[in-house]
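Colleague: This is the structure, below, for whatever I ask next.
The values are calculated or read from the model by the stated rules, or taken from the named source; none is laboratory data. Keep in mind that this is a model prediction, so the values were computed, not measured. A quick note on method: Cβ atoms are made from the backbone with ideal geometry, for glycine too, and the neighbour counts reach across all protein chains shown.
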């Protein structure tokens with residue numbers, strides 16, 4: 001039986017700590033499922049001093065097809081998408097999102113995603 005010196009014990013403990021911390025970090029960041037639907041908001045102008053626009057992009061970030069997707073933009077209105085295929089993006093163009101606090105997207109498959117705007 002070989003005895004470990006204190007330096008060797010500390011070195012082994014440090015290596016184990018780094019390995020465990022790396023595994024925990026990897027599991028926390030890489031193995032968590034990403035959102036099946038992503039909501040992105042963009043605003044801008046078609047050109048300097050020209051028409052201003054607001055876009056709400058709804059992106060299917062999964063490998064499933066979603067049906068009867070409802071994009072609820074509060075008092076700015078709502079839109080319904082019959083089918084949103086994997087990796088497909090739907091763009092809604094409300095006149096304004098002023099005063100809207102959240103956008104909620106729901107599907108027949110039970111997916112509900114809310115994006116807070118404030």
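Colleague: Tell me which residues, restricted to segment 25-38, are surrounded by 10 or more Cβ atoms within 10 Å (Cβ to Cβ), modelled with pLDDT of 80 or more and not in a strand (DSSP E or B).
Modeller: 35, 36
Colleague: Looking for whichever is at pLDDT 95 or above, within 14 Å of the chain's Cα centre (by Cα) and part of a strand (DSSP E or B) here; the options are 41, 59. Which one fits?
Modeller: Residue meeting the stated conditions: 59.
Colleague: Please tell me if residue 91 is touching a strand residue (DSSP E or B) at 6+ places or on another chain (Cβ under 7 Å), more than 17 Å from residue 43 (Cβ to Cβ), in a strand (DSSP E or B) and assigned by TED's automatic domain parsing to the domain that holds residue 42.
Modeller: No; evaluated as a whole, the condition is false for this residue.
Colleague: Pick from segment 80-102 the residues that are crowded, with 16+ Cβ neighbours inside 10 Å and at pLDDT 95 or above: which of them is nearest to residue 38 (Cα to Cα)?
Modeller: The residue in question is 90.
Colleague: Is it fair to say residue 57 is surrounded by 13 or more Cβ atoms within 10 Å (Cβ to Cβ), free of Cβ contacts under 8 Å to residues at least 12 places away in the same chain and assigned by TED's automatic domain parsing to the domain that holds residue 42?
Modeller: no
Colleague: Could you tell me which numbered condition residue 108 fails, if it satisfies all but one of (1) modelled with pLDDT under 95; (2) exposed (fewer than 12 other Cβ atoms within 10 Å of the Cβ); (3) on the phi < 0 side of the Ramachandran plot?
Modeller: Single failed check for residue 108: (1).
Colleague: Out of segment 94-118, which residues are closer than 12 Å to residue 41 by Cα and not in a loop (DSSP other than H, G, I, E, B)?
Modeller: 102, 103, 115, 116
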